[in-house]
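Q: First the structure, which I've put down as structure tokens, then a few questions once you've had a look.
The values are calculated or read from the model by the stated rules, or taken from the named source; none is laboratory data. As the structure is a computational prediction, the values presented were derived from the model and not from experiment. Cβ coordinates were reconstructed from backbone atoms using ideal geometry, including for glycine residues, and neighbour counts include every protein chain displayed. We work out accessible area using only protein heavy atoms, side chains counted, and drop any ligands, DNA or RNA first. Shrake-Rupley method; radii C 1.70, N 1.55, O 1.52, S 1.80 Å.
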Amino acid sequence: MLTARCLHEAGVRVLLLERGHLGREASWAGGGILSPLYPWQYPAPVNRMAAISQRAYARFAENLKGETGIDPEWLPSGMLVLDAEEQEALRWDAEYDTSVEYLTQEALRAYEPALAPSFEHGLWLPAIAQIRSPRLIKALHASLDMRGIEYREHTEVLRLRLEGDTVAGVETAQGAINAKRVVIASGAWSARLIPSACMPIEVEPVRGQMILFKTRPNLVRHMILCHGDYLIPRRDGHVLVGSTLEEAGFDKATTAQAREDLRIKALEWVPALDKYPIEHHWSGLRPGSPGGIPYVGQHPDIQGLYFNTGHFRCGIVLAPASAQLAVDLMLGRPPQLPSGPYALNAVR
């Protein structure tokens, strides 16, 4: 949706094809942390793209709210990291000019009074914000409608239409559609559309399950990250707990084991959550890619075929910069960041 919106803003006629409902896959399922988890562990291309998006998100969310009346709930809640590698984090902090503060146990209690007493120290990242993913999706959908951007839901693309080594459109379950340029932004399903004789897009589905508590507001004040899992408090008192990493193919089923594992972890961190019900349990399929670096650019074997996919766990945070890069490359404009690391044939 965001790629289509950026193309429309550039004056390009766009048709968006969606096999199900717009935005209802990994984007809807994600927690909405506007940062790579443990950003110091990610390669530079992810952090550079994230930095551009992070600077844009507050205004982007405000513009969407003003345009559609739907608040995506951008919230600079900050994040506590309870198992951080302090020296790595400080080196990342110096390189990207962020703000990382070491917290003693006493300081940790002051920031997050409900936190279990077993945590003796942590890191505080005040600049990390969040956004409420389903509301972001709803606002983007409304923005497409208000701008007159054409889309067709329940229209699965079955294959590309090629004339030699040039794209000519797509075949859908409802028939052929001609186009001089095609963008694959199909998340975990992106690899299916590349012909076997061409360089593949190395994207695989990685299932993630989450649960949602309904608590009083401010029981949990900040996002909390520990051992790869996280808590995300919303303004209204909902607290998300995520997320599993499972190789389950395209199976989106939830499991009782994952629900219990997530619940136990949440109670270990914030024992007071035991007083509140689990309101929802869901899953999504992330588009896993080597190093978590997205693929953005033109296919080296097929003229007119572009891609914007493979964002793994960072789809929401990378979205504004990723969409802008894809559109800049399609239209031959100077990009905001070097495009080489995101190419299909880049060394990862």
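Q: Within region 33-59, which residues are in a loop (DSSP other than H, G, I, E, B) and within 16 Å of Leu136 (Cβ to Cβ)?
A: Leu34, Ser35 - these are the residues of region 33-59 that are in a loop (DSSP other than H, G, I, E, B) and within 16 Å of Leu136 (Cβ to Cβ).
Q: Do we find that Gln41 is of a type outside the set (Val, Ile, Thr), under 14 Å from the mean Cα position of the chain (by Cα) and open to solvent by 30 Å² or more (accessible area, probe 1.4 Å) in this structure?
A: Here the answer is no, as Gln41 does not meet what is asked.
Q: Suppose we filter Leu158, Leu162, Leu123 for residues that are without any contact (Cβ under 8 Å) to a residue 24 or more places away in the chain, aliphatic (A, V, I, L, M) and more than 15 Å from Leu22 (Cβ to Cβ); which single one remains?
A: That would be Leu158, the only listed residue that is without any contact (Cβ under 8 Å) to a residue 24 or more places away in the chain, aliphatic (A, V, I, L, M) and more than 15 Å from Leu22 (Cβ to Cβ).
Q: Right, next: Which residues, counting only those in region 176-203, are in contact with a helix residue (DSSP H, G or I) (Cβ under 8 Å, 6 or more places away or on another chain), more than 17 Å from Leu17 (Cβ to Cβ) and surrounded by fewer than 18 Cβ atoms within 10 Å (Cβ to Cβ)?
A: Within region 176-203, Pro200, Glu202 qualify.
Q: Can I ask one more? Restricting to region 72-102, and then to whatever is among the hydrophobic types (A, V, I, L, M, F, W, C) and modelled with pLDDT under 95, can you tell me which residue is least open to solvent (accessible area, probe 1.4 Å)?
A: The first filter runs over region 72-102 and keeps only residues among the hydrophobic types (A, V, I, L, M, F, W, C), leaving 74-75, 79-82, 84, 89-90, 92, 94, 100.
Of the ones still in play, those that are also modelled with pLDDT under 95 are 84, 89-90, 92, 94, 100.
Numbers: Ala84: 28, Ala89: 0, Leu90: 65, Trp92: 27, Ala94: 83, Val100: 22 Å².
Across region 72-102, the extreme among qualifying residues is Ala89.
Q: Moving on. In this structure, is Leu212 open to solvent by 20 Å² or more (accessible area, probe 1.4 Å), at pLDDT 95 or above and closer than 30 Å to Asp261 by Cα?
A: Yes.
Q: Something else about it: Regarding Leu225, is this residue open to solvent by 10 Å² or more (accessible area, probe 1.4 Å) and on the phi < 0 side of the Ramachandran plot?
A: Against the criterion (open to solvent by 10 Å² or more (accessible area, probe 1.4 Å) and on the phi < 0 side of the Ramachandran plot), Leu225 does not qualify.
Q: Tell me the residue from Arg207, Arg159 that is of a type outside the set (Val, Ile, Thr), exposed (fewer than 15 other Cβ atoms within 10 Å of the Cβ) and assigned to a strand (DSSP E or B), please.
A: One residue alone meets the criteria, Arg159.
Q: Is at least one residue of region 50-57 in contact with a Phe, Trp or Tyr (Cβ under 7 Å, 6 or more places away or on another chain) and crowded, with 19+ Cβ neighbours inside 10 Å?
A: To start, the set of residues in region 50-57 that are in contact with a Phe, Trp or Tyr (Cβ under 7 Å, 6 or more places away or on another chain) comprises 51, 57.
Still in the list and also crowded, with 19+ Cβ neighbours inside 10 Å: 57.
Taking every residue of region 50-57 in turn, at least one turns out to be in contact with a Phe, Trp or Tyr (Cβ under 7 Å, 6 or more places away or on another chain) and crowded, with 19+ Cβ neighbours inside 10 Å.
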